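Reviewing the structure listed below.
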Amino acid sequence: MRQHAQQEHRDEHSGRSGYPRRLSWPSADGGEVPYAVFTSQAIFEREQERIHRGPTWHFLALADELRNPGDFKSTFIGTTPVVVTRTRDGDIAAWVNRCAHRGAMVCREPRGNARAHRCVYHQWAYDERGRLRGVPFQKGLNDKTGMPVDFNMAEHGLPPVRVEDHRGVVFGSLSDAAPSLADYLGPRMLPWLDRIFHKPVEYLGCTRQYAKSNWKLYYENVKDPYHASLLYLFHTTFNIYRFNMRGRSVMDDGLGVHSIITTTPQDDDDTAGDYQKHDIATYRAGLKLADPSMLEVRREFEEQTSNNIHTLFPSTVIQQIHNTMAVRQVLPKSAGEFELVFHFFGYQDDDAALRRLRLKQANLAGPAGYISMEDTEATELVQRAIESCAAGDSSYMAMGGEDGDGGTSLISEHMIRGFWRGYRTMMGWGG
């Protein structure tokens, strides 16, 4: 929090316009959120400075995406372009993808293999660690002068990004003030990450989509167990996620910005009755799949959850639904747009049948996923409705209680309220 306090001080004296230093919140518990946080570009820019370029950690890649020396991948931390690479020494390095000369994007390919990266604008060349290795005509040509005689290439490399590889998941941070990744996630969240990444994984491919809505609406969504059997027919009808299953809805012990939701199925007959009784529209008795193998489950964990949605603020969601697994990467683009990338993976020791099942169940998530395609549509419905709201208008979230439910209820909004309390603290608007 000291870091945030110092940042706020700089804002106060920087003379930068448009950064709201104060924002009125109707309640302190995070249950009422001013819609301006979803529509204001000034607030979006403040988030980039205090959160995405602040003391936070972000998913960059699975280490398996960078198997060979020279393998690279272009991505982002917030709106900052970043390249992550496997070095010739076998390490993983990352750097800001912005030429030290005139600021052009150096690497323009989404992924590939290269020992050197050359800016197309003036052909300044960098190695895989982002160190400047070549400047055309540095010493001039014939009687023409080049760079100053005291020009030192070592002083003009690409800004390095802090990197931590945790069990094959590569995270990056733009801030030297960020704690270690383990301390950032905390003892309550780290075991859930280790549960999924308990043995080497293999990258299977990715899907990506753009949403015309604010990135925090998606963060509300993945912290919201309340919507998950009311929005998705597939979840409810086919007994993947129901409120009366065994569930968890748990936040971290720090700011409360990380969280996990799990569900463990029970027999269909034990849970379907409540949905029929309450006439829930997403429950369709008698609806069958032409190919029921989509719903098969291979037991892999001591507790075989049907849903494991692990949210690591501010850009990472670890997903396990039946036997399909993915890291979702949330990339904000503006106050009203974000990109969502699903990185699907399996384990390196998968047998052929399990690998086929994972790939088939990848259809559950992603842009056209049977379960997740409704999510971005829901966030866009909110965005379209709040763009014209009056100053001071806010949402209202009061479902469930932290104390009474003990982190087991799936009819709860307590993780969203906790998220907003932590967000306010990180933005310098009080806890």
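Annotations
- Sequence of D291, D64, D253 when ordered by accessible area, the most exposed leading, probe 1.4 angstrom: D253, D291, D64
- Sum of side-chain charges, S180 neighbourhood, beta-carbon under 11 Å (Lys, Arg +1; Asp, Glu -1): -1
- For the chain, the number of Lys pairs with C-alpha atoms closer than 24 Å, counting only pairs eight or more positions apart or on separate chains, is 9.
- The range 244-331, relative contact order [Cα under 8 Å, separation at least 6], %: 26
- The calculated 222 nm mean residue ellipticity attributable to helices in the chain amounts to -6500 deg cm²/dmol, summing -39500 (n - 2.57) over DSSP H runs of n ≥ 4 and dividing by all residues.
- Alpha-carbon centroids, the range 35-51 and the range 397-431: separation in whole Å: 20
- Ligands, DNA and RNA aside, T425 has an accessible area near 30 Å² when probed at 1.4 Å.
- Solvent-accessible area assigned to carbon and sulfur over the chain amounts to 50 percent, based on a 1.4 Å probe.
- The translational diffusion coefficient of the chain, from Stokes-Einstein at 10 °C and 1.306 mPa s with a Kirkwood hydrodynamic radius over alpha carbon pairs, comes to 68 µm²/s.
- Put the Cα centre of the range 96-132 next to the Cα centre of the range 305-363 and the gap is 30 Å.
- Centroid-to-centroid separation of the range 185-220 and the range 255-293 [C-alpha atoms, Å]: 22
- Debye-sum result for the range 278-431 in log10 I(q)/I(0), which assumes one identical scatterer on each alpha carbon, at q = 0.10 Å⁻¹: -0.51
- Among K216, K199, K288, residue whose mean-square fluctuation peaks in a GNM of the chain (springs only between Cα atoms under 10 Å): K288
- Under a Gaussian network description of the chain, with springs only between Cα atoms under 10 Å, the residue in G406, G130, G146 that fluctuates furthest is G146.
The values are calculated or read from the model by the stated rules, or taken from the named source; none is laboratory data. Predicted model, so just to flag it, every value in this text is computed and none were measured. Neighbour counts are summed over all protein chains in view; Cβ atoms, including those assigned to glycine, are modelled from backbone coordinates with ideal geometry. What goes into the accessible areas is simple: the full protein's heavy atoms, side chains included, and nothing from ligands, DNA or RNA. Shrake-Rupley method; radii C 1.70, N 1.55, O 1.52, S 1.80 Å.
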